[in-house]
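Asks: Take a look at this one; I'll ask things after.
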Amino acid sequence: MTDFSLWPLLGIAVVMLGFLLKFNPVLVVTVAAFATGMAVKMPILTWLESLGTAFLKTRNLPLILLLPLAVIGLLERHGLREKAQNWIQQIKAATTGRLLLVYLALRESTAAAGLTSLGGHPQMVRPLLSPMAEAAFEQKHHSLPDKIKYKIRAMSAATDNIGLFFGEDIFVAFGAIILMHTFLRESGIETEPLHIALWGIPTALAAFLIHGTRLLRFDAYLARQLQQQLKQEQRHD
Amino acid sequence: MISMTLLYYVAALLFFAVAFFSFKDKRYSSALFWFSYGLIFLLGDFMPPALVGAIVVLMAIVAGFGGVKGGNYQTLELQQRLSSVKRLGNALFIPALMIPLLTVFSALVLVHIKGDGWSLLDPKNTTLSALGLAAFFAVLAALYFTKEKPQQAFKESSRLIEAIGWAFLLPQLLATLGLLFNQAGVGETVSQLTSLYLNLNHPLLAVACYAIGMALFTVIMGNAFAAFPVITAGIGIPLLVLQHGGDPAIMAAIGMFCGYCGTLLTPMAANFNIVPAALLELPDKNAVIKAQAPTALLLLGVNIALMYLLMF
């Protein structure tokens, strides 16, 4: 009953189906791009052209991951992770949850001041944060099964993301604020960029409270997981 | 000076190194993948776009059918690593911390080094060129402290790139898909659909629809910036601002955060969710999303409440 075509949405259907059926994401996205092109009757050469142009335009994306790797690799080869672990084990009060909570506070407040490049997965989480978080657990429980190690690593990456997202958006010079301001102006609505940034603060605080509470409970959660695992292993013996 | 083109050439060099090591290791499909990636970074600007598109399709097929496999790189034994730790002490932290600190310093201070039509950093991509500069000096420092040869730096970056594997391609491929969606008019279709079917008289319902719409459309597109114009034009402005008289600054600020809740939940935001899982060598590629989901869902609820209480 619509007087417009629903065909452009075919790509979205492909993406959702592909991810649900757990095909390789690279394949899913390529097929979705192809389906979208075919659905709007794009000739194949035009499709290849827009694919190529878009890919060239987005070459800046992998750089942020790529550039720090050589340094991190060299230092890992000479024991950076082990050093980070030694260092955290000297701090007796450190637990996985508390360490991640301190990191969340630092990451969110520096991002709110516009210093987003102080953290990040390649330069902070892999070489320093997750080894420390793992070592804090091992120090206390004298064991670190793989299952728990993976949970700690995932939570370290998650904490970096959450601190970044909900911090950077209250920095007034951040691109998202400019984008919102420009878009609203084009739609005939005037706003102050500073107001948009300020009204982000309640959510930024809520994000810190919610994720911070989860981190404080993370230690007890991990301890329970370890107990369960030990019990299971005993049963198998 | 440190232009994007220069950084693309550096990236090409790093990808060619991966291709070289995987070729030597007789993993030919991996070598083909990384060589093609390097080629696009080196010569992309001189190739016809359709050819670049064809190479991308080839890379996607190689990666999609499991052709990009991890390598075997020799690492030092634990004993040797610990003696390195003993020898180097806190100096090990210096190059690692140089990357973030020097990036921030360059982006805030060195950005002012410029002359007529010349500047040290690329003014349009300050952060990336600052990161490039920081990474360069950090590599020099790391080589100095560890007394390794420069070849080892290439070997180490190749080791980590291969650990990430096909996930490396995903962020760029998804951004490409987003641009294609735009060309095909996906945004217009969604906002026509929402304005056709949504007729919400109660402000709380309208707020919830806008907030959940932002989160859901971000889950689909993988990017809150792509969802914001579509959902704000389709639901936000006509319903919340014009019909119910809400404050547009509050709607925008909290609405974007609802989108970020969606970002935390979706494999489409590969550079935040899937790539870190690969980088941290997690067997479950959705492990980071699972760790984020409770925070994201609770926060979405809080956002709906905040928007309803503050906007009217």
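Asks: How big is segment A:34-128 in terms of Cα radius of gyration and Dmax, in angstroms?
Replies: 21.1, 65
Asks: Same structure again: Using only C-alpha atoms and all pairs of different ones, pull out the Kirkwood radius for segment A:107-237 in Å with one decimal.
Replies: Over segment A:107-237, the inverse of the mean reciprocal pair distance is 17.1 Å.
Asks: What nm distance separates the two modelled labels at A:ARG185 and A:ASN86, each placed 7 Å from Cα along Cα→Cβ?
Replies: In this crude label model, A:ARG185 to A:ASN86 measures out at 5.5 nm.
Asks: Return the equivalent ellipsoid semi-axes of the protein assembly as shown as a descending list in whole Å, where each equals the square root of 5 times an eigenvalue of the C-alpha gyration tensor.
Replies: 37, 30, 24
Asks: Turning to a different aspect of this structure: What translational diffusion coefficient, in µm²/s and rounded to a whole number, does the Stokes-Einstein relation yield for chain B at 20 °C and a viscosity of 1.002 mPa s, taking the hydrodynamic radius as the Kirkwood radius over Cα pairs?
Replies: 95 µm²/s
Asks: Taking every pair of Cα atoms in segment B:4-64, average 1/r, invert it to obtain the Kirkwood radius, and report Rg/Rh to two decimals.
Replies: Rg/Rh: 0.99.
Asks: Could you work out the relative contact order of chain A? I mean the mean sequence separation of Cα pairs under 8 Å and 6+ apart, divided by the number of residues, in percent.
Replies: Averaging sequence separation for qualifying contacts and normalising by length gives 18 percent for chain A.
Asks: Pairs to check: B:LYS24/B:LYS69; B:LYS69/B:LYS155; A:LYS149/B:LYS285; A:LYS149/B:LYS147. Give those whose C-alpha atoms are more than 22 Å from each other in this structure.
Replies: Checking Cα-Cα distances, A:LYS149/B:LYS147 exceed 22 Å.
Asks: A further question follows. With just the Cα atoms defining each centre, how far is segment A:129-178 from segment B:96-110? Give it in Å.
Replies: 22 Å
Asks: When only DSSP loop residues count, what trypsin sites (Lys or Arg not before Pro) in segment A:48-112 have their Cβ near at most 16 other Cβ atoms within 10 Å?
Replies: In loop regions of segment A:48-112 (DSSP not H, G, I, E or B), the sparsely surrounded trypsin sites (Lys or Arg not before Pro) are A:LYS92.
Asks: To continue, here is another question. Just the Cα atoms of segment A:89-136: what Rg and Dmax do they give in Å?
Replies: 11.3, 32
Asks: I need the per residue convex hull volume for segment B:124-166, using only the alpha carbons, in cubic angstrom as a whole number.
Replies: Cα convex hull per residue, to the nearest whole number: 84 Å³.
Asks: Right, next: Would you please give the FRET efficiency between B:ALA91 and A:HIS141, computed as 1/(1 + (r/R0)^6) with r the Cβ-Cβ distance and R0 = 35 Å, to the nearest 0.05?
Replies: 0.70
Asks: What's the whole-number percent of alpha carbon pairs in segment A:113-179 lying beyond 19 angstrom?
Replies: 43 percent
Asks: What does the extension gain come out to for B:ASP25 and B:LEU196, with contour length at 0.36 nm per residue minus their alpha carbon separation?
Replies: 55.8 nm
Asks: Another question about this same structure. Per residue, how large is the accessible surface of the protein assembly as shown? Use a 1.4 angstrom probe and give square angstrom.
Replies: Solvent-accessible surface per residue comes out at 43 Å².
Asks: Using only the Cα atoms of segment B:1-141, construct the convex hull and provide its projected area averaged over every direction, in square nanometres to one decimal.
Replies: So the Cα hull casts an average projection of 11.5 nm².
Asks: Let me ask something additional. Give me the summed buried accessible area for the B-A pair, 1.4 Å probe, to the nearest 100 Å².
Replies: 10800 Å²
Asks: Within chain B, which is the longest segment containing none of the trypsin sites (Lys or Arg not before Pro) that sit in a DSSP loop and have at most 12 other Cβ atoms within 10 Å?
Replies: The segment B:148-312 is the longest one with no such site.
Asks: Working from the alpha-carbon coordinates of segment B:170-311, get Rg over Rh, Rh being the Kirkwood radius.
Replies: 1.01
Asks: What FRET efficiency do you get for B:LYS124 and B:GLU188 if R0 is 25 Å and r is their Cβ-Cβ distance, rounded to the nearest 0.05?
Replies: 0.30
Asks: Could you please state, rounded to a whole Å, how far the C-alpha centre of segment B:113-192 is from the C-alpha centre of segment B:12-42?
Replies: Using only Cα atoms to place each centre, the spacing works out to 17 Å.
Asks: Could you derive backbone 3J(HN,Hα) for segment A:221-237 from the dihedral phi with the Karplus parameters 6.51, -1.76 and 1.60 (θ = phi - 60°), listing whole Hz in sequence and x where the residue is Gly or Pro?
Replies: 4, 5, 4, 4, 4, 5, 4, 4, 4, 5, 4, 4, 5, 4, 4, 5, 6
Asks: Across all directions of projection, what mean area in square nanometres is found for the Cα convex hull of segment B:78-164?
Replies: Answer in nm², one decimal: 7.3.
Asks: Please identify the chymotrypsin sites (Phe, Trp or Tyr not before Pro) of segment B:166-210 that satisfy two criteria: DSSP loop assignment and at most 11 other Cβ atoms within 10 Å. Which are they?
Replies: Passing both the DSSP loop test and the Cβ count: no residue.
Asks: Which value results when the Cα radius of gyration for segment A:7-57 is divided by 2.2 N^0.38 Å?
Replies: 1.15
Asks: Once ligands and nucleic acids are excluded and a 1.4 Å probe is used, how much of A:HIS141 is accessible, expressed in Å² to the nearest 10?
Replies: Its accessible surface works out to 60 Å², give or take rounding.
Asks: Could you run the Debye sum over the Cα atoms of segment A:144-218, one equal point scatterer each and no solvent, and tell me log10 of I(q)/I(0) at q = 0.19, 0.28 Å⁻¹, two decimals?
Replies: Here log10 of I(q) over I(0) equals -0.81, -1.20.
Asks: Per the Kirkwood treatment, what hydrodynamic radius in Å, one decimal, follows for chain A from the mean inverse distance over all distinct Cα pairs?
Replies: 21.6 Å
The values are calculated or read from the model by the stated rules, or taken from the named source; none is laboratory data. Quick caveat, the model's predicted, so the values are computed rather than measured. Virtual Cβ from ideal backbone geometry, glycine too; neighbours counted across all protein chains shown. Accessible surface areas use protein heavy atoms only, side chains included; no ligands, DNA or RNA. Shrake-Rupley method; radii C 1.70, N 1.55, O 1.52, S 1.80 Å.
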